[in-house]
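What follows is a short report on a single structure.
The values are calculated or read from the model by the stated rules, or taken from the named source; none is laboratory data. The model shown is predicted, which means the values in this text are computed figures rather than measured ones. Every residue, glycine among them, receives a Cβ derived from its backbone with ideal geometry; neighbour counts consider all protein chains shown. Note: accessible area is taken over every heavy atom of the protein model, side chains too, but ligands, DNA and RNA are not part of it. Shrake-Rupley method; radii C 1.70, N 1.55, O 1.52, S 1.80 Å.
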Amino acid sequence: MTPVRQSPTLASRLRPSDVLRVGASGPRARKMRTALSALGVSIGIAAMVGVLGLSESSKSALLDEISALGTNLLTVESGVGIGGGDGSFPEEALAAINRIEAVEIASAIYDVDASVLKNEFVPNGQTRGLGVVAASQSLLDTLNGSIDEGSWLNNATSTYPAVVLGSVAAERLGISTLTQPTYVYIGEQYVEVVGTLEEFPLSADLDRSAIMGQPAAEEFFESDPAPATIFARVENGTIDANRALIPATADPENPEEITVSRPSDALEAQAAADDALTTLFLGLGAVALLVGGIGIANVMVIAVIERRGEIGLRRALGATRAHIRRQFLTEAVILSALGGAVGVALGIGATYLYSSLQGWRVIIPSTAAAGGFLAALFIGAAAGLYPAMRAARLAPTEALRA
Amino acid sequence: MSRAAALEMRNVVKEYPGFPPVRALDDVSVRIDHGELIAVVGPSGSGKSTLLNVMGTLDRPTSGVVSIDGNDTATLSDKQVAGVRARRIGFVFQQFFLLDGMSAIDNVANGLIYQGVGLNERRERSAETLKRVGLGHRLTHPPSHMSGGERQRVAVARALVHEPAFVLADEPTGNLDSKSTGAVMDLIAGLHEEGTTIAVITHDTKIAASLPRQVTVFDGRIESDTALQSSYT
Ligand SMILES: Nc1ncnc2c1ncn2[C@@H]1O[C@H](COP(=O)(O)OP(=O)(O)OP(=O)(O)O)[C@@H](O)[C@H]1O
Ligand SMILES: [Mg+2]
């Protein structure tokens, strides 16, 4: 006779490790369904992590650019105004601006009526979007530009036909090195290339230009003696004061024609626009995540209906209602955790790939990744709650009547 | 005898709600002593499964008392009743109810999981029990790759692995051929010899006749019980 060893009132008990094992048994037995239901969540998480990662990376790239450019640079331009002026600076505008005390350094570029070609055999007009400008020697310092190869214009090279090429101009003219004396064809003559430049921060126009000294431009080409654009770097903290002061200084007769802008503002505006876009995509990711969560809830409801027999069996084997509820809740969380893990990996991968292609510093969004994974767990728990409660409510005999 | 009955039902009524409600058990009283092996017989729809489920705490009676080892199950919480099933009772069903996603040994080990037995001990004891039912060579097979007879032996192993005091079997041979039926009934006879208290629902009159006691259910009532040496017609 089997001895009565245990009191019948000993409660049933499921170890925590077995909660996990039991919860994993369903997804493990139905791999295809597991993959598909995790997919929805993973798309949502990947979108959110990717968007956050890309926005952080692109923002850090923008901030790098802003700090390279400096926030104390002002651009001064002249346009046709209602005052009936001619829309150009007076010739002495640059000198006047330079006399303002808070202006650390200022320089100007001047339009040159000529095009730059690789050689005389290129038909005139095929400028490839390149232009020719003249500049004061201080331009490079004013704009924080830097030399790629060769040298910037000096006292000598400013006065005879010689140019420095912007980065894009050099590339389009097929000039990759200056080890040999190199010439381009400007106007009706060959002009020596004495240097090439790195990309300017936020001055794409100059990147596409051949830049010569202002004295040389006046002597050898048809150049406007009045500046086209003036750049001024001012002391920090005097930006607003200078913005107000510069128009009257540059053009006392028609100050209303003068506009003063701050290039770093454009970058900051871009950063703000990126933020808005990020919010939009983040919202789309959240919607995808929600849809993924609904997918999991759907799959779990089906699982509970399909697996009534298993539920009844487990109750017969001693599972309490709470054990059944925990099993299906765990199952839902496992599905969403799988989706979350895959989504985080995809999001980081996308960030890495796109940022490196853009040449940005890759910033792995660790907060976004952790947050995304937690969000997935939360979604899974929420999605599993109702199906798990239904499973737990099922009477054992009802479940066994398969 | 002063000792409490292994299983006892007193004036048990079970009604399923509906229009009109179905009275599946109508004032049933039955007492099963420790170590008994009984056959529950009766026509389809007479209430045999209901009797077994109420007896095994899978269902609560509408009225009346069900006690196990002298404990009134009505006084136990869901957790405690589940504990009774986990430790004291082994169920065998006609449809086996094996989980296809896991091996035979893990199916059997499910019989120990709700007692809080650790994984290694579960597997060890399950392997032993599978050997005992003659499936030592099929430990890692999934049930879907097994014959009906083998599947039912896995299910029997699952019902036995925790060494229950009671085994309740609802038509365990209903889906089996005669050879497999013999194997399963031999296992039940072996358990009976070891002292386990067993109730088997069967439609097979030969099997019923071979067991020490027969309880016949008709229309929700106990029509005859060979232990009472009486019958009403
Ligand atoms: N959940 C339920 N709801 C309503 N009626 C039910 C329910 N379960 C069983 N019944 C009814 O209760 C009666 C007894 O059913 P039970 O399953 O106990 O019969 P049985 O003797 O096991 O029959 P079988 O030999 O066919 O398995 C039947 O009339 C059945 O229709
Ligand atoms: Mg039945």
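Some observations on this one:
- For region B:66-75, the set of residues classified as in contact with a helix residue (DSSP H, G or I) (Cβ under 7 Å, 6 or more places away or on another chain) and of a type outside the set (Ser, Thr, Tyr) consists of B:VAL66, B:ILE68, listed by residue number.
- Test result for B:THR73, among the polar types (S, T, N, Q), more than 12 Å from ligand 1 (Cβ to nearest atom) and farther than 24 Å from B:ARG153 by Cα: yes
- Subset tally (residues that are part of a loop (DSSP other than H, G, I, E, B), within 12 Å of ligand 1 (Cβ to nearest atom) and open to solvent by 10 Å² or more (accessible area, probe 1.4 Å)) for region B:7-46: 9
- Test: residue in region A:189-198 that is in contact (Cβ under 8 Å) with a residue 40 or more places away in the chain, surrounded by 15 or more Cβ atoms within 10 Å (Cβ to Cβ) and either within 30 Å of A:ILE100 (Cα to Cα) or in contact with a Cys (Cβ under 6 Å, 6 or more places away or on another chain) (or both): yes
- A single entry from B:GLU223, B:GLU171, B:GLU163 fulfils the requirement of being of a type in the set (Asp, Glu), under 21 Å from B:SER49 (Cα atoms) and under 14 Å from the mean Cα position of the chain (by Cα): B:GLU171.
- Condition check for A:VAL41: modelled with pLDDT of 90 or more and either over 25 Å from A:VAL344 (Cα atoms) or open to solvent by 20 Å² or more (accessible area, probe 1.4 Å) (or both): no
- Note on region A:247-267: residues that are surrounded by fewer than 15 Cβ atoms within 10 Å (Cβ to Cβ) and of a type in the set (Asp, Glu) amount to 3.
- Look at region B:185-198: where a residue is farther than 18 Å from B:ASP33 by Cα and away from every other protein chain (no Cβ under 14 Å) and a partner is of a type in the set (S, T, N, Q) and outside any helix (DSSP H, G or I), sitting 6+ places away or on another chain with Cβ atoms under 8 Å, you get B:MET185/B:THR173.
- Residue in region A:271-294 that is of a type in the set (Asp, Glu) and crowded, with 20+ Cβ neighbours inside 10 Å present: no
- Residue count for region A:385-402, restricted to those that are away from ligand 2 (no atom under 16 Å from the Cβ) and either open to solvent by 50 Å² or more (accessible area, probe 1.4 Å) or over 28 Å from B:THR57 (Cα atoms) (or both): 5.
- Taken as a whole, region B:89-110 holds at least one residue that is within 16 Å of ligand 2 (Cβ to nearest atom), in contact with a strand residue (DSSP E or B) (Cβ under 8 Å, 6 or more places away or on another chain) and open to solvent by 20 Å² or more (accessible area, probe 1.4 Å).
- None of B:ALA189, B:ALA199, B:ALA208 is assigned to a helix (DSSP H, G or I), buried (at least 18 other Cβ atoms within 10 Å of the Cβ) and not aromatic (Phe, Trp, Tyr) except B:ALA208.
- Of the set (1) crowded, with 18+ Cβ neighbours inside 10 Å; (2) outside any helix (DSSP H, G or I); (3) away from ligand 1 (no atom under 16 Å from the Cβ), all apply to B:THR216 but (3).
- Tally, over region B:156-184, of residues that are crowded, with 24+ Cβ neighbours inside 10 Å and either within 16 Å of ligand 2 (Cβ to nearest atom) or without any contact (Cβ under 8 Å) to a residue 12 or more places away in the chain (or both): 4
- In this entry, B:ALA39 is excluded by the filter for residues that are touching a strand residue (DSSP E or B) at 6+ places or on another chain (Cβ under 9 Å), away from ligand 2 (no atom under 16 Å from the Cβ) and either within 25 Å of B:VAL154 (Cα to Cα) or of a type in the set (D, E, K, R) (or both).
- The one condition in (1) open to solvent by 10 Å² or more (accessible area, probe 1.4 Å); (2) in a helix (DSSP H, G or I) that A:LEU335 fails to fulfil: (1)
- Count - residues of region A:310-324 that are open to solvent by less than 10 Å² (accessible area, probe 1.4 Å), facing chain B (nearest Cβ under 7 Å) and hydrophobic (A, V, I, L, M, F, W, C): 3
- All told, B:ARG85 meets the bar of being away from ligand 2 (no atom under 16 Å from the Cβ) and buried (at least 23 other Cβ atoms within 10 Å of the Cβ).
- From B:ALA157, B:ALA127, B:ALA199, residue being in contact with a helix residue (DSSP H, G or I) (Cβ under 7 Å, 6 or more places away or on another chain) and farther than 20 Å from B:GLY56 by Cβ: B:ALA127
- Check on B:THR75, of a type outside the set (Phe, Trp, Tyr) and away from ligand 2 (no atom under 16 Å from the Cβ): yes
- Residue count for region B:94-148, restricted to those that are more than 16 Å from ligand 1 (Cβ to nearest atom), within 14 Å of chain A (Cβ to nearest Cβ) and in a loop (DSSP other than H, G, I, E, B): 11.
- Selection within region B:49-80: residues that are open to solvent by less than 10 Å² (accessible area, probe 1.4 Å) and either free of Cβ contacts under 8 Å to residues at least 60 places away in the same chain or within 7 Å of chain A (Cβ to nearest Cβ) (or both). The member of this set that is nearest to B:ARG23 (Cα to Cα) is B:VAL54.
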